[in-house]
Amino acid sequence: MASSALQISMVVSSRSSDFLGSHSFTATNSLRSRNVSLPGRMPGVCRCVSAPSAEETAFKTKVARNANMAKLQAGYLFPELARRRSAHMSKYPDAKVISLGIGDTTEPIPDDITSAMAMRAHSLGTFEGYSGYGAEQGDKKLRANIALTYYKDLGIEETDIFVSDGAKCDISRLQLLFGSQVKMAVQDPSYPAYVDSSVIMGQTGLFQKDIEKYANIEYMRCVPENDFFPDLSSISQADVIYFCSPNNPTGSTATRDQLTQLVQFAKDNGSIIVFDSAYAMYISDDSPRSIYEIPGAKEVAIEISSFSKYAGFTGVRLGWTVVPKELLFADGFPVAKDFNRIVSTCFNGASNIAQAGGLACLSPAGLKAMQNTINFYKENTKIIVDTFTSLGFNVYGGKNAPYVWVQFPGRSSWDVFTEILEKGHVVITPGSGFGPGGESFIRVSAFGHRENILEAAKRIKQLYQ
């Protein structure tokens, strides 16, 4: 009924236009009354006011932020590359951008391996084949096969091996194992997860911008002048030494003599080596594939590895860590027992489907298929090495690793990254993202389809000829 309409006086704020729609008002000292039909029985005043800002209304807990997180500089390297790549694609929507930056595999997982995972997945749909939680340390058969395949005659047993969801995850679990009171040493340049996880754990001081380093980390400079192996005599006391060979990002591989020096250094100083062998199957000469090829290493070294770059498991996620029973803390307690406690607390075990794939990887057919995939990437590597060499650059790595390390003397590595992206639509990785020792270098990944590798080589030649 018309009589039920209420005539109310409205006071309107400067932010009320969305609420009022197309109604217009005369700007006078008192706004003109207007008939508005609103549900209700009692007359009243409808007052539209500005909404408080998000800062004014955001609820804050009383929990202080982890101060170690605040020490981290910008974002993690590889998501930052992805962000810049996305921004570039938005700027040049018609360009075909080729990514040789993030070391992500591109070729399909071999059929023998995917078939085994498919069969395991299917069996989970049957009463006979279903299984739930497995052992946190990994499938017993898989652990035994890893020991037999990669550590035969090296004294490593099934019980020394912990199967995981990848080497990167185990890097952080090892940081939990060591705690916040240790001092770490790391190759410079190196895979950024070593340093960032150390910062998060509270092992470091603040970032020193003038030298691009965190306090309380020993940066072991690895450059062409020292054949990418640090001068160990210049290193102060370090509790934990992270060492990767074949190295990411430089592609260099430590010799037997060099690793013998490293093991002896650890023994002399009472240190523990964390040896990252994630690229060991790319080695084609007599360089050691495992730290345990060095006498005495079981007393001072942990080894981490992964199926990611062998079988294309970057998305499947499967790796392992070796903690020998001979490795002891200062009080004589076995390191493996504490790591087992960490794993049992923080991890429910690798996927049973992924572990079925791991077993297939280690079959004769699987090993052959993985080696074929590795050989394909190594052919890509040769194309990249030949490209930069023909242009007169100093080129390193690429022989025993899927990474090529190229020097641009006197130039900022991020400037080179931007130049190659803007002018060639190719993504590489700036060397400084791996530490101050990487400045003036870039890392080029060989993970890519052959046609993309060839096209990237063509564009780089056009850019620098």
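The values are calculated or read from the model by the stated rules, or taken from the named source; none is laboratory data. Computed from a predicted structure; not experimentally measured. Quick reminder, even Gly has a Cβ in these numbers, built from the backbone with ideal geometry, and neighbours come from all protein chains shown. When the accessible area is computed, the model is the full protein with side chains, heavy atoms only, and any ligands, DNA or RNA have been set aside. Shrake-Rupley method; radii C 1.70, N 1.55, O 1.52, S 1.80 Å.
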Test Arg443 against the stated conditions and say whether it is among the charged types (D, E, K, R) and under 19 Å from the mean Cα position of the chain (by Cα). yes
Could you tell me which numbered condition Asn247 fails, if it satisfies all but one of (1) on the phi < 0 side of the Ramachandran plot; (2) surrounded by fewer than 16 Cβ atoms within 10 Å (Cβ to Cβ); (3) in contact (Cβ under 8 Å) with a residue 12 or more places away in the chain; (4) not aliphatic (A, V, I, L, M)? (2)
The number of residues in the range 324-339 that are at positive phi and of a type in the set (Val, Ile, Thr) is 0
Hits in the range 122-171 - residues which are under 14 Å from Asn340 (Cα atoms) and open to solvent by 60 Å² or more (accessible area, probe 1.4 Å): Thr159
Look through Gly125, Gly134, Gly129 and report the one residue that is within 14 Å of Ser351 (Cβ to Cβ), part of a loop (DSSP other than H, G, I, E, B) and not acidic (Asp, Glu). Gly134
Might you let me know whether the range 221-228 holds any residue that is more than 21 Å from Ile146 (Cβ to Cβ), in a helix (DSSP H, G or I) and among the hydrophobic types (A, V, I, L, M, F, W, C)? no
Selection over the range 271-287 where residues are within 22 Å of Gly103 (Cβ to Cβ) and part of a loop (DSSP other than H, G, I, E, B) yields a count of 7
Filter result (among the hydroxyl-bearing types (Ser, Thr, Tyr), touching a Gly at 6+ places or on another chain (Cβ under 7 Å) and crowded, with 23+ Cβ neighbours inside 10 Å) within the range 178-209: Ser190
Flagged in the range 297-345 as in contact (Cβ under 8 Å) with a residue 60 or more places away in the chain, in a loop (DSSP other than H, G, I, E, B) and surrounded by fewer than 15 Cβ atoms within 10 Å (Cβ to Cβ), in numbering order, are Ala330
Qualifying position, being modelled with pLDDT under 95 and either assigned to a loop (DSSP other than H, G, I, E, B) or open to solvent by 20 Å² or more (accessible area, probe 1.4 Å) (or both), among Gln237, Gln264: Gln237
Filtered residues of the range 267-286 (kept if of a type in the set (Gly, Ala, Ser) and open to solvent by 30 Å² or more (accessible area, probe 1.4 Å)): Gly270, Ser284
Considering (1) farther than 25 Å from Ser445 by Cα; (2) over 17 Å from the mean Cα position of the chain (by Cα); (3) open to solvent by 10 Å² or more (accessible area, probe 1.4 Å), say which one Glu212 fails and leave the rest. (1)
Give me a count of the residues in the range 177-204 that are part of a loop (DSSP other than H, G, I, E, B) and charged (D, E, K, R). 1
Taking the range 83-111, which residues are farther than 30 Å from Ala360 by Cβ, open to solvent by 50 Å² or more (accessible area, probe 1.4 Å) and either among the aliphatic types (A, V, I, L, M) or not in a helix (DSSP H, G or I) (or both)? Ala87, Met89, Tyr92, Pro93, Asp94, Lys96
When (1) assigned to a helix (DSSP H, G or I); (2) more than 24 Å from the chain's Cα centre (by Cα) are applied to Gly392, the one that fails is (1)
Among the candidates Ile156, Ile102, Ile109, which residue alone is under 24 Å from Ala446 (Cβ atoms), in contact with a helix residue (DSSP H, G or I) (Cβ under 7 Å, 6 or more places away or on another chain) and modelled with pLDDT of 95 or more? Ile109
Output for the range 435-456, where each listed residue is part of a helix (DSSP H, G or I) and either in the same structural domain as Gly251 (by TED's automatic domain parsing) or open to solvent by less than 10 Å² (accessible area, probe 1.4 Å) (or both): Gly437, Gly438, Ile453, Ala456
Just one of Ala369, Ala365 is under 27 Å from Asn452 (Cβ atoms) and small (Gly, Ala, Ser); which is it? Ala369
On the given criteria, is Thr389 out of contact with any Leu (no Cβ under 6 Å at 6 or more places or on another chain) and crowded, with 21+ Cβ neighbours inside 10 Å? no
